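Trainee: Input: one structure, supplied below.
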Amino acid sequence: MARALAKRMFLEVEGDAKIRLEYGFRLCTGRHPKAAEMDRLTALYAQQLANYKAAPSTADQLLKGENRELPAPELAAWTLVANVLLNLDETLTKQ
């Protein structure tokens, strides 16, 4: 599910990471993220992208068997962020 959300965030929205992060957040929670939430998500994405670019083999392990439309480090970073979004309490307990 996280990988599917990651692809949606990347492929359905044009723009920079913040625009994509806001889109993913809205898909999961039904609201716009607060500034502090955006800051944390932006930092998480940047950190994970740097980690996967430094060690592309870890991205390949995460994406095993995936028919990729994106470079492995980018898809892996988006997948990790999407996983966080899907596991937010607010996502799991929508009212």
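Trainee: Number of Lys pairs in the chain with C-alpha atoms less than 24 angstrom apart, excluding same-chain neighbours closer than eight positions?
Mentor: Total qualifying Lys-Lys pairs in the chain comes to 10.
Trainee: Of the accessible area of the stretch 2-66, with the probe set at 1.4 angstrom, what percent is carbon plus sulfur?
Mentor: For the stretch 2-66, the apolar C and S fraction of the accessible surface comes to 53 percent.
Trainee: Another question about this same structure. Provide Rg and Dmax in Å for the chain, with only Cα atoms included in the calculation.
Mentor: According to the Cα coordinates of the chain, Rg and Dmax are 12.8, 40 Å.
Trainee: Using every Cα-Cα pair within the stretch 3-52, state what percent have a distance larger than 18 Å.
Mentor: Percent of Cα pairs beyond 18 Å in the stretch 3-52: 26.
Trainee: Run the simple label-point estimate for residue 57 and residue 43 please: 7 Å along Cα→C-beta, distance reported in nm.
Mentor: 3.1 nm
Trainee: Helix 72-86 against the longest principal axis of the chain: what's the angle in degrees, Cα atoms only, rounded to the nearest 10?
Mentor: For 72-86 against the chain, the angle is about 30 degrees.
Trainee: Moving on to the next point. When ligands, DNA and RNA are left out and all protein chains stay put, how many square angstrom of accessible area per residue does the stretch 1-91 have with a 1.4 Å probe? Don't jump to the answer; show the numbers that get you there.
Mentor: Working: 5080 Å² over 91 residues.
Dividing the accessible area of the stretch 1-91 by its residue count gives 56 Å².
Trainee: While we're on this one: Going by alpha carbons, how many degrees (0 to 90, nearest 10) lie between the helix axis of 17-29 and the longest principal axis of the chain?
Mentor: Taking the Cα atoms of the chain, the angle to 17-29 is about 60 degrees.
Trainee: Here's a follow-up. Would you compute, from DSSP H runs of 4+ residues alone, the mean residue ellipticity of the chain at 222 nm, taking -39500 (n - 2.57) per run and dividing by the full residue count, rounded to the nearest 500?
Mentor: -22500 deg cm²/dmol
Trainee: If contacts are Cα pairs under 8 angstrom and at least 6 residues apart, what is the relative contact order of the chain in percent?
Mentor: Dividing the mean separation by the residue count of the chain yields 38 percent.
Trainee: Taking the simple approach of a point 7 Å from Cα along Cα-to-Cβ for both residue 35 and residue 18, what is their distance in nm?
Mentor: In this crude label model, residue 35 to residue 18 measures out at 1.1 nm.
The values are calculated or read from the model by the stated rules, or taken from the named source; none is laboratory data. These numbers were taken from a predicted model, which means no experiment stands behind them. As a convention, Cβ positions derive from the backbone with ideal geometry for all residues, glycine included, and neighbour counts pool all protein chains shown. Note: areas computed on protein heavy atoms with side chains; ligands, DNA, RNA excluded. Shrake-Rupley method; radii C 1.70, N 1.55, O 1.52, S 1.80 Å.
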